[in-house]
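Contents: one structure, followed by commentary.
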Amino acid sequence: MNTFAQDATREVNFDGLVGPTHNYSGLAHGNIASASHRGLVSNPREAALQGLAKMKALHDAGFAQGVLPPQPRPAIEMLDRLGFTGTPAEKLAAAWAADPAIVRAISSAAAMWTANAATITPSFDAPDGRVHFTAANLQSSFHRAIEAPTTAAALGAIFADDSHFAQHEALPATPAFSDEGAANHTRLCAGYDAPGVHLFVYGRDGLDRGDAGQPGSKRFTARQTREASQAIARQHGLAADQCVFARQSAAAIDAGVFHNDVIAVGNGPVLLYHESAFADEAAVLAELREKMDAFGATLVPVRVNSDAVSLEDAVATYLFNSQLLTRADGAMIVIVPAECERNPAVAAELDRIVADPANPIAEYRAYDVKQSMDNGGGPACLRLRVVLSAAERAAMNPGVLFDAARHDELVAWVERHYRDRLTIDDLADPALIAETRAALDELTTLLGLGSIYGFQRVGR
Ligand code: SUG
């Protein structure tokens with residue numbers, strides 16, 4: 001089936017629009033790029049335009065593209081909860097005086113990485129025939145834990161029709177149920193409108209069983225727990241024969257693989273992965289094969305060996321944080337960060353993969369998303385995949401679907417509102433509050449979303 005046909009079930013990639021406070025605060029645990037770029041001067045305007053250029057290129061190539069709005073930052077509502085009082089500017093000043101780390105966290109534009117926004121099960125696989133969404137609690141860091149309520153509000157406004165869409169509450173925001181969304185979830189299938197096997201990848205056990213919970217890792221605590229992945233599968237009504245729960249390798253986590261999408265990517269029946277991705281590679285492949293076979297699908301593993309691309313190079317170039325997409329002719333294209341082309345070993349491996357007739361990957365294309373990359377976010381981090389039938393696309397809010405006109409409007413909006421330079425000290429500037437609120441207020445009208453932000457409802 002031509003997956004580009006208007007009546008076809010399609011994968012829509014919803015990219016996060018980079019917010020006006022994009023900065024390098026070095027906030028993210030286990031994320032080497034974030035730590036090593038801490039304190040760099042950011043360029044929010046360039047970051048947003050790089051993201052929009054990628055969206056436009058993929059839209060122009062015929063892929064279905066959507067956009068998700070940024071979150072209001074600085075998050076003044078969070079300062080209320082932390083006991084700061086007064087006007088928004090007074091609260092910001094008091095928080096900065098008390099502890100600049102609070103202001104850095106509540107100013108982060110990290111919601112741009114929408115692969116972490118939620119986990120989604122397409123209607124084809126759900127027993128009630130609806131698309132299921134669970135906003136991720138992102139509880140492993142303060143700057144991201146504050147995303148979940150606004151993410152849920154945005155998804156609720158976009159996928160509001162409950163005859164087609166089911167919204168679940170985020171999991172309890174506690175280490176036992178630590179959930180980082182679709183970055184640790186891959187649906188493997190013969191086609192978007194064929195049954196899928198759901199690969200959930202986790203790094204540690206959450207509930208105490210008297211053992212280590214994360215055997216082997218010495219450097220970083222894993223973000224996703226097995227219990228969180230299992231709870232999401234239950235919420236969405238997935239049965240045991242539809243799921244594979246796989247543990248990440250300790251070596252990968254310690255090398256900076258804080259989400260599985262830094263070391264593996266899947267699309268259709270293809271799983272492109274590094275040999276160090278999983279604690280037990282053979283067992284994961286065997287279980288995937290068996291469960292896919294039962295649904296009439298054949299797994300196509302594309303393994304990248306360590307002697308071709310080291311774990312270090314994989315993390316530094318984000319080779320696996322790429323978008324693997326099905327073209328109109330059924331072959332696949334992989335959208336990689338520009339950093340991959342500049343690394344000879346990675347470029348050679350990409351050449352080998354696209355030349356190999358044993359897999360359907362026929363082409364790769366590189367995009368420059370450096371502003372995001374320097375915080376550990378590649379092309380795949382920037383997008384949330386939602387498989388939607390034609391009826392579901394018709395039932396969703398059309399304002400967030402991307403086309404040439406939407407692109408031009410968003411570029412003009414960015415150019416009107418965004419700064420081209422932001423330092424950490426600039427985050428104390430009270431002018432940012434009014435600037436970002438004015439921008440986001442205009443954006444929700446532009447995208448037809450209504451009042452999804454707290455400040456629009458209570459004017460704080
Ligand atoms: O959670 N970085 C994000 C990057 C998320 C990437 N997403 C996926 N792999 N799907 C994170 O580590 C950095 C923010 C800062 O340091 O200012 C940050 O949050």
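Restricting to the stretch 83-133, give me the number of residues that are within 16 Å of the ligand (Cβ to nearest atom), under 30 Å from H185 (Cα atoms) and not β-branched (V, I, T).
Total satisfying the criteria: 13.
Here's a check for you: in the stretch 306-341, which residue that is among the hydroxyl-bearing types (S, T, Y) and buried (at least 19 other Cβ atoms within 10 Å of the Cβ) is nearest to I263 (Cα to Cα)?
Here the answer is Y318.
Looking at the stretch 281-300, is at least one residue part of a strand (DSSP E or B), surrounded by fewer than 21 Cβ atoms within 10 Å (Cβ to Cβ) and either touching a residue at least 40 places away in the same chain (Cβ under 8 Å) or of a type in the set (S, T, N, Q) (or both)?
First, pick out the residues of the stretch 281-300 that are part of a strand (DSSP E or B): 300.
Filter once more, so that each one left must be surrounded by fewer than 21 Cβ atoms within 10 Å (Cβ to Cβ): 300.
With the extra rule that they be either touching a residue at least 40 places away in the same chain (Cβ under 8 Å) or of a type in the set (S, T, N, Q) (or both), the set shrinks to 300.
Yes, the stretch 281-300 contains a residue that is part of a strand (DSSP E or B), surrounded by fewer than 21 Cβ atoms within 10 Å (Cβ to Cβ) and either touching a residue at least 40 places away in the same chain (Cβ under 8 Å) or of a type in the set (S, T, N, Q) (or both).
Given the criterion more than 22 Å from the chain's Cα centre (by Cα) and over 25 Å from A33 (Cβ atoms), identify the matching residue among V284, V309, V304. If you could, list the steps in order and put the result at the bottom.
Working: V309 fails: over 25 Å from A33 (Cβ atoms); V304 fails: over 25 Å from A33 (Cβ atoms).
One residue alone meets the criteria, V284.
Count, please, the residues in the stretch 146-169 that happen to be small (G, A, S), surrounded by fewer than 23 Cβ atoms within 10 Å (Cβ to Cβ) and touching a strand residue (DSSP E or B) at 6+ places or on another chain (Cβ under 7 Å). First the steps, then the outcome.
In the first step, residues of the stretch 146-169 are kept if they are small (G, A, S); the result is 148, 152-154, 156-157, 160, 163, 166.
Among the residues that remain, those that are also surrounded by fewer than 23 Cβ atoms within 10 Å (Cβ to Cβ) are: 152-153, 156-157, 160, 163, 166.
This time we only want the ones that are touching a strand residue (DSSP E or B) at 6+ places or on another chain (Cβ under 7 Å), so: 152, 156, 166.
Residues that pass the stated criteria total 3.
May I ask you to list pairs of residues, at least six apart or on different chains, whose Cβ atoms are under 6 Å apart, with the first in the stretch 182-195 being closer than 15 Å to L384 by Cβ and the second being part of a helix (DSSP H, G or I) and not aromatic (F, W, Y)?
A182/A115; A183/A115; A183/N116; A183/D261; N184/N260
Kindly indicate whether G266 is within 16 Å of the ligand (Cβ to nearest atom), within 18 Å of A115 (Cα to Cα) and touching a Ser or Thr at 6+ places or on another chain (Cβ under 6 Å).
Answer is yes for this residue.
Quickly run through the stretch 62-81 and pick out the residues that are assigned to a loop (DSSP other than H, G, I, E, B) and surrounded by 14 or more Cβ atoms within 10 Å (Cβ to Cβ). Give the derivation first.
Restricting attention to the stretch 62-81, the residues satisfying the condition of being assigned to a loop (DSSP other than H, G, I, E, B) are 62-63, 69-75.
Within the stretch 62-81, F63, P69, P70, Q71, P72, R73, P74, A75 qualify.
Of (1) farther than 27 Å from S34 by Cα; (2) of a type in the set (S, T, N, Q); (3) in contact with a strand residue (DSSP E or B) (Cβ under 9 Å, 6 or more places away or on another chain); (4) in a helix (DSSP H, G or I), T444 satisfies all except one. Which?
Failing condition for T444: (3).
Starting from the stretch 442-460, keep only residues that are modelled with pLDDT of 95 or more, then list their pairs with residues that are of a type in the set (D, E) whose Cβ atoms are within a distance under 7 Å, requiring at least 6 positions of separation or different chains.
Taking only residues 6 or more apart or on different chains, the pairs are L446/E409.
Scanning the stretch 93-119 for residues that are among the hydroxyl-bearing types (S, T, Y) and farther than 19 Å from D80 by Cβ, which turns out nearest to the chain's Cα centre (by Cα)?
Keep residues of the stretch 93-119 that are among the hydroxyl-bearing types (S, T, Y), which gives 107-108, 114, 119.
So of that shortlist, the ones also farther than 19 Å from D80 by Cβ come out as 114, 119.
Working: T114: 4, T119: 9 Å.
Filtering first and then ranking leaves T114.
Only residues that are under 18 Å from the mean Cα position of the chain (by Cα) and not hydroxyl-bearing (S, T, Y): list them for the stretch 178-195, please.
Step one: of the stretch 178-195, the residues under 18 Å from the mean Cα position of the chain (by Cα) are 178-188.
Once the filter is applied, which keeps residues that are under 18 Å from the mean Cα position of the chain (by Cα) and not hydroxyl-bearing (S, T, Y), the stretch 178-195 yields D179, E180, G181, A182, A183, N184, H185, R187, L188.
I'm trying to understand the selection: among the residues of the stretch 11-31, which are surrounded by fewer than 22 Cβ atoms within 10 Å (Cβ to Cβ) and either more than 10 Å from the ligand (Cβ to nearest atom) or without any contact (Cβ under 8 Å) to a residue 24 or more places away in the chain (or both)?
E11, V12, G26
So, E275, is that one free of Cβ contacts under 8 Å to residues at least 40 places away in the same chain and more than 16 Å from the ligand (Cβ to nearest atom) or not?
yes
The values are calculated or read from the model by the stated rules, or taken from the named source; none is laboratory data. Please read all numbers here as calculations on a predicted model, not as lab measurements. Every residue, glycine as well, gets a Cβ built from its backbone with ideal geometry; the counts of neighbours run over all protein chains shown.
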